[in-house]
Amino acid sequence: TVTSLLHMSVFSQSFSPCGRFLAAGNNYGEIALFSLSAALSPDATAQSQKPVLTFTAHEGPVFSLLSTDCHLLSAGNGEISAWSWTELIKKNVKPLWTKRPNYNLEIPEINSMVMNPRDNSLIVGGGDNNVHVLDLERGVFKLVLQGHSDYVHCVSVREREAEILSGGEDGAVRIWDSRTGQSVHCIEVYKYESCARPQYGKWISCLTTDSDWMLCGGGPSMSLWHLRSLSPTSVFPLTGCQRQAAFHQDMILAVGEGPFLSHCLLGGEVKAQIPCTPQSLNTLQLNTNSTEHRVLTAGGSSDHIDVFTNLSYRAFSLRF
Amino acid sequence: MSPSVFNFVDAKDKFTASAIHALAAKNGKQLVNAFNQIPGNETEKKTTLDQALRGVLGDQIVEQKASCDEYLSLIYLSIDAVTEGICSATTPFLLLGDVLDCLPLDQCDKIFSFVEENVSTWKSNSFYTAGKNYLLRMCNDLLRRLSKSQNTVFCGRIQLFLARLFPLSEKSGLNLQSQFNLDNITVFNKNEQESTLGQKHTEEKEEGMEVEEGEMGEDDAPAPCSIPIDYNLYRKFWTLQDYFRNPVQCYDKFSWMTFLKYSDETLAVFKSYKLDDMQASKRKLEELRATGGEHVYFAKFLTSEKLMDLQLSDSNFRRHILLQYLILFQYLKGQVKFKSSNSVLNDDQTTWIEETTKLVYQLLREIPPDGDKFATMVEHILNTEDNWNSWKNEGCPSFVKERTVDDKPKRPTRKRQAPEDFLGKGPDRKLFMGNDELTRLWNLNQDNMEACKSDSREFMPSLDEFFAEAIEQADPANMVEDEYKVVRNPNYGWRALRLLSRRSPHFFQPTNQKFKSLADYLDSMVSKLAKELPKDIPSEEIKTGEEDDDDNGDNLLKDSNDSPSIQSKMVTNQQMDDMAAKLGAQWKTLASHLEMKAAELREIETDSEDVDMQAKLLLVAWQDREGTQATVDNLVTALNAAGFSQIADSLSEA
């Protein structure tokens with residue numbers, strides 16, 4: 001309905017392994033599949049920008065989506081479901097499996113998931129303040145990383161060092177050893193004067209890593225950290241709280257509060273802010289699975305998902 | 001003997017031979033000599049020589065052995081011949097035309113250089129009128145033969161030559177009706193089938209422009225790989241070129257709507273996609289040069305969709321497009337005489353154009369390098385265009401200033417007066433100060449000090465003038481309330497003091513009376529003055545010019561001092577003591593006749609308990625108030641009026 005479109009928020013995105021499709025999850029628990037080849041083709045019409053498939057995946061909002069070689073993993077309402085991409089493309093919406101970590105009390109939401117290809121495990125962070133690790137081969141939860149005093153917003157993985165990183169509402173970025181499950185470091189970003197923004201808060205809502213570097217932000221300003229020395233090297237003067245950031249070539253892309261996609265340089269300079277349709281953005285994805293369809297997509301508090309063929313301007317939008 | 005008949009064939013042959021010799025000798029004298037020797041009249045000989053020269057040239061061309069230099073020497077010869085007067089002025093041009101018509105383009109290039117170099121010759125008096133049409137025709141023929149995209153430089157040279165040859169007002173060189181080159185169509189892939197997306201990988205690359213880089217670049221091998229293309233923008237962007245090609249379309253409502261929509265989208269992309277990296281565009285320029293070898297100039301846009309991203313990130317490309325917008329807007333808004341009557345913009349369109357012009361200039365300023373300078377330059381050029389446009393509208397008036405013809409020699413008028421005149425020694429005996437006002441003032445009175453002393457500069461008022469109002473207000477019969485009295489006005493009071501100090505002796509008389517305020521002091525002064533300056537004796541007022549009011553004061557002093565009458569004598573202290581003793585408690589009765597105020601009476605009562613004392617105080621107060629008027633006479637009058645005739649008598653006797 002029109003009202004539901006008005007109140008829709010897109011929380012998560014994931015590209016298919018072939019790179020020709022985009023899956024997007026919204027606050028109604030729905031996942032929509034968009035055909036990029038149709039939307040990017042020269043004879044695309046308005047209909048090409050609508051989903052080829054929409055289905056309800058969970059009861060609660062789909063906060064996180066992740067693709068493996070052949071599966072789409074979605075998280076919503078405290079549970080994780082797996083779908084076969086091939087089946088989804090054929091419009092078959094039966095999940096392969098649905099699992100749930102062991103929770104102590106009530107069932108929390110799952111905010112973030114990341115793959116650890118080293119040992120084929122899935123790292124899950126959510127509302128119970130813990131990071132759960134699911135062994136995808138055996139299908140069992142093998143580790144619980146405890147340490148955060150408030151819910152976990154985002155997780156990331158440093159494959160080479162076998163480390164898991166998690167950022168939480170408690171303002172801490174914790175670095176865990178993925179083998180032992182021990183917390184090896186705890187960085188309380190809000191305690192660093194260069195990043196702290198007490199007027200916003202201390203939570204960490206965005207976290208991403210690239211070998212020795214880490215980007216994190218949220219209440220505090222988004223900052224670039226050198227992980228070996230555990231010190232911030234650049235702080236980015238972006239107003240609003242950032243919700244997702246990515247390293248791209250020698251640039252940093254970030255989205256968050258505010259209707260733009262920010263381009264930043266590693267030194268801390270904000271090079272450009274490209275206007276987007278949603279007033280506030282939650283998710284940013286770059287399609288690395290296909291060169292033909294190598295686009296950047298951004299979604300947020302709108303039923304529109306902006307598509308960039310050229311990072312510097314919005315080409316068109318997909319719509320739920 | 002009859003005059004020799006002119007033999008055409010004979011003459012022509014002689015001229016031909018002579019010309020060939022002259023060419024060989026590189027000297028035109030031979031030709032002149034030949035001309036003079038042959039019998040016949042000038043005209044006949046000239047036309048014959050023309051023919052001869054053309055024949056020589058024709059032979060040279062047919063032989064195909066001659067080089068350009070030889071043709072040029074012949075033409076030089078013909079120029080010299082014209083100068084010598086033996087050949088028609090049109091001949092060099094005819095020769096040029098012949099040569100250019102018969103030669104291939106690469107040789108025409110050399111011939112044309114000759115034409116360019118000698119433009120001053122063509123413009124000189126002897127050649128211009130005869131040759132200009134020939135030259136114009138010749139150039140136009142050449143232009144028709146040349147391809148605008150292949151021989152751009154040559155075409156440009158021809159155009160420049162024409163521009164130099166003709167004066168500005170030569171209409172044949174103008175685009176008088178502001179017509180457009182409707183043939184300049186920009187081709188792009190409107191059709192999906194034609195898109196390069198589906199093509200095989202074996203297709204050859206386009207002139208080195210396919211170097212993939214930038215955000216969507218790929219680390220793969222440089223084989224042509226497809227990248228995502230924004231077809232939407234691509235189509236809309238290149239469609240705009242059609243509006244630039246034929247601006248008259250904008251006046252049509254539906255075309256305008258499309259133009260508006262597409263422009264908004266395109267400009268939004270420009271706005272969003274800001275160019276800041278000068279390094280990137282420099283790099284691309286280097287690569288262009290490297291692959292092409294030399295700097296290639298494109299007369300038409302390259303419209304492959306794969307180039308769109310690269311083009312968007314190129315500063316020069318953007319400048320082209322934005323400048324196209326500005327030129328278009330100038331045309332749409334401008335007054336051109338040859339526009340049809342329905343080529344008018346409505347209000348909405350005008351508003352949109354204004355807003356968009358601002359946006360375009362802003363975008364221009366943001367394009368590095370030197371965006372600001374470029375934008376200012378563009379604005380200046382477009383403003384100048386306006387001038388040209390109005391010049392065309394007026395029918396291209398000539399720019400040559402005509403020298404004005406003087407009818408008769410005028411006597412030189414003197415701009416300035418002779419010095420004697422304005423130093424007062426001239427016939428008027430007036431001193432001219434160079435300015436009317438100054439002259440007037442100077443001639444009134446030269447000496448400033450003397451002028452200041454003149455009577456007309458006497459601004460100090462007389463006492464009665466100034467105090468008239470105050471005196472009137474002081475009269476209790478007028479019942480003017482205290483607060484409205486003019487003496488309460490501090491400004492008035494200050495002036496009153498100054499005036500009193502200049503004109504009134506009362507000012508300098510010592511007095512025991514303490515005044516609580518200036519207003520009170522003035523009250524007493526005013527009453528004193530009132531008594532001194534009687535208004536009902538007008539004869540005293542009318543005085544001659546010499547007598548001023550200072551005398552008045554002096555007279556008064558004399559009066560009071562010189563009067564022998566006892567009654568006018570001042571009341572003494574002793575007298576007052578006696579009277580006080582006699583009055584006793586009855587002093588209050590006397591008080592009313594002495595015009596004492598109730599406040600004063602109360603003050604007396606509080607000052608002393610003793611009635612005698614109070615009576616004394618009354619008399620003292622009266623004396624203070626009256627000043628010089630505190631005379632025995634006045635007191636006697638008051639006493640009598642109060643019913644104290646006895647006391648009055650005793651006072652009189654004393």
* Gain in span if fully extended, A:SER194 to A:VAL270, counting 0.36 nm per residue against the direct Cα distance -> 25.7 nm
* Structure fact -> Magnitude of the Cβ-charge dipole (Lys and Arg +1, Asp and Glu -1) of segment A:45-127 about the Cα centre, nearest 20 debye, reported as 300
* Asked: Over segment B:63-163, how many percent of alpha carbon pairs lie in each 10 Å bin up to the one with the longest distance?
  -> 15, 51, 30, 5, 0
* Estimate the FRET efficiency between A:ASP69 and B:VAL153 by the formula 1/(1 + (r/R0)^6), using the beta-carbon distance for r and 56 Å for R0, to the nearest 0.05. => 0.40
* Asked: Of all the accessible heavy-atom surface of the protein assembly as shown, with the other protein chains kept in place and a 1.4 Å probe, what percent is carbon and sulfur?
  -> 50
* To do: Can you figure out the FRET efficiency of B:THR606 with B:SER517, using R₀ = 22 Å and their beta-carbon distance, to the nearest 0.05?
  => 0.60
* Cβ-based charge dipole, segment A:66-163, positive-most Cα from A:ASN129, A:TYR151, A:ALA75 -> A:ALA75
* **Highest to lowest packing among B:49-62, A:158-171, A:295-308, scored as the average C-beta count within 10 Å** => A:295-308, A:158-171, B:49-62
* Decide, for segment A:33-101, between rounded, prolate and oblate: order the square roots of the alpha carbon gyration tensor eigenvalues as a ≥ b ≥ c, take rounded if a/c falls under 1.5, and otherwise choose prolate if a/b is larger than b/c, else oblate. => prolate
* DSSP-assigned coil residues among trypsin sites (Lys or Arg not before Pro) in segment B:57-157, each with at most 13 further Cβ atoms within 10 Å -> B:LYS65
* Formal net charge of residues neighbouring B:PHE329 (Cβ-Cβ distance under 14 Å; K, R +1; D, E -1) -> -3
* Would you mind checking B:LYS582/B:LYS616; A:LYS271/B:LYS274; B:LYS190/B:LYS306; B:LYS148/B:LYS300; A:LYS202/A:LYS271; B:LYS236/B:LYS358 for any pair whose Cα atoms are more than 19 angstrom apart? => A:LYS202/A:LYS271; B:LYS236/B:LYS358
* **13 Å beta-carbon shell around B:LYS514, net charge (K/R +1, D/E -1)** => -1
* Structure fact -> Quick calc: nm separation of the 7 Å Cα→Cβ label points for B:ASP347 and A:ILE107 -> 6.2
* Asked: Considering every residue in B:262-269, what mean count of other chain Cβ atoms within 10 Å of its Cβ is obtained?
  -> 1
* Asked: Along the positive direction of the dipole of the protein assembly as shown (beta-carbon charges: Lys, Arg +1; Asp, Glu -1; about the Cα centre), which of A:LEU36, A:GLY167, B:GLY493 reaches farthest?
  -> A:LEU36
* Structure fact -> Here the relative contact order (percent) of chain A, from C-alpha pairs under 8 Å and at least 6 apart, is 12
* What spacing in nm lies between the two simple spin-label points modelled at B:GLN362 and B:ASN175, each 7 Å away from Cα in the Cβ direction? -> 3.0
* Filter on B:LYS123/B:LYS333; B:LYS253/B:LYS373; B:LYS453/B:LYS485; B:LYS453/B:LYS514; B:LYS26/B:LYS171; B:LYS516/B:LYS569 - keep pairs with C-alpha separation over 32 Å -> B:LYS123/B:LYS333; B:LYS253/B:LYS373; B:LYS453/B:LYS485; B:LYS453/B:LYS514; B:LYS26/B:LYS171
* What spacing in nm lies between the two simple spin-label points modelled at B:THR186 and B:LYS253, each 7 Å away from Cα in the Cβ direction? -> 2.8
* Asked: What net charge is computed for the residues neighbouring A:SER84, neighbours being all others with C-beta under 14 Å from the C-beta of A:SER84, Lys and Arg scored +1, Asp and Glu -1?
  -> +1
* To do: Residues in segment B:41-82, backbone N under 19 Å from the label point at B:ASP10 (7 Å along the Cα-to-beta-carbon vector): list them, ranges by number please.
  => B:41-52
* To do: Rounding to the nearest 20 debye, state how big the charge dipole of the protein assembly as shown is about its Cα centre with +1 on each Lys and Arg Cβ and -1 on each Asp and Glu Cβ.
  => 4820
* Asked: Within 10 Å of each Cβ of A:288-294, how many other protein chain Cβ atoms are there on average?
  -> 4
* Per residue of A:300-312, what is the mean number of Cβ atoms on other protein chains within 10 angstrom of that residue's Cβ? -> 4
* Per the Cauchy relation, a quarter of the hull surface: what is the mean projected area of the convex hull of the alpha carbons in the protein assembly as shown, in nm²? -> 90.7
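The values are calculated or read from the model by the stated rules, or taken from the named source; none is laboratory data. Since we're looking at a predicted model, the values are computed, not measured. Every residue, glycine among them, receives a Cβ derived from its backbone with ideal geometry; neighbour counts consider all protein chains shown. We work out accessible area using only protein heavy atoms, side chains counted, and drop any ligands, DNA or RNA first. Shrake-Rupley method; radii C 1.70, N 1.55, O 1.52, S 1.80 Å.
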